[in-house]
1. Could you please rank Ile104, Ile160, placing first whichever residue has the fewest other Cβ atoms within 10 Å of its Cβ?
2. Rounded to the nearest 0.05, what FRET efficiency do Gln203 and Ala91 give with R0 = 25 Å and r taken as the Cβ-Cβ distance? Could you check?
3. I want to check the label-to-label distance for Leu31 and Lys148. Put each point 7 Å from Cα in the C-beta direction and report it in nm to one decimal.
4. Please work out how much length the chain gains when fully extended from Gln187 to Gln169, using 0.36 nm per residue of separation minus the C-alpha to C-alpha distance, in nm with one decimal.
5. Sorting Arg205, Arg185 on the 10 Å Cβ count, fewest up front, what's the list?
6. Quick check on the exposure proxy: order Phe195, Phe132 from fewest to most C-beta atoms within 10 angstrom.
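Rule-based calculations on the coordinates, nothing more; no lab input. Remember, predicted model here, so these are calculated numbers, not experimental data. Neighbour counts are summed over all protein chains in view; Cβ atoms, including those assigned to glycine, are modelled from backbone coordinates with ideal geometry.
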Amino acid sequence: MQSPQAHLPHSAIHSRAEATSLLIERMNSFLAEVPDDLLLKVVNDRPGQIHELLADLRARDDKVLSIQARNQLASAKLRSKSFSKIESKYALLDANTASQLLGITRQALSKKGKVGQVIAYTNNGRKYFPDFQFAENAVSPVVGQLVKALEIDPRDEQAINLLIAFLAQLMDFSNVGELPNVAARYQFLADEGAFNIIVRDYQNRLEMGM
């Protein structure tokens, strides 16, 4: 990582206010990457030398971490943020809980996933099953119908992750002139009309490269 000053476009800055604003923006971006425990240690142990310590930390990071390592860390942070969003949208069951709910082994649950009868969000090699697809100790058949209609390879973890994220997004399932009927897409899957709209919207999304 380089210091904020290294990125400062001097020729584009014409006032102290502009320079201060840009430096604050750069510093906030840097501080967001510093682990909480380390930041608290810096503040509590040597509050009078915060800037020097942060500069030293940044210099050490540059020497220790290669570009490849930094890229991998950035990728891991993105995955973590994506999973946090999923956790905020769904009640998630781990594999043990899902298999117990269905009264089957984890191996049998895995087979259902491989053929698209059940979907799970994969994060760091672990499977998390949104609970909307379970009812009366069984998997709703609409899940398998959706995977088939969208022609998604159920073994493609990234594609299933994207589908689960897509189903968490809001849609308005109402006719013109009616009151809005807004909810997450997965909540409308049992309705045939909404199901067809969800399939259409997902396919349009792929065609637009989104």
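1. Starting with the residue having the fewest Cβ neighbours, the order is Ile104, Ile160.
2. The pair Gln203/Ala91 has a calculated efficiency of 0.35.
3. 5.5
4. Between Gln187 and Gln169, full extension yields 5.5 nm more.
5. By the 10 Å Cβ count, ascending, the order reads Arg205, Arg185.
6. Ranked by crowding around the Cβ, least crowded first: Phe195, Phe132.
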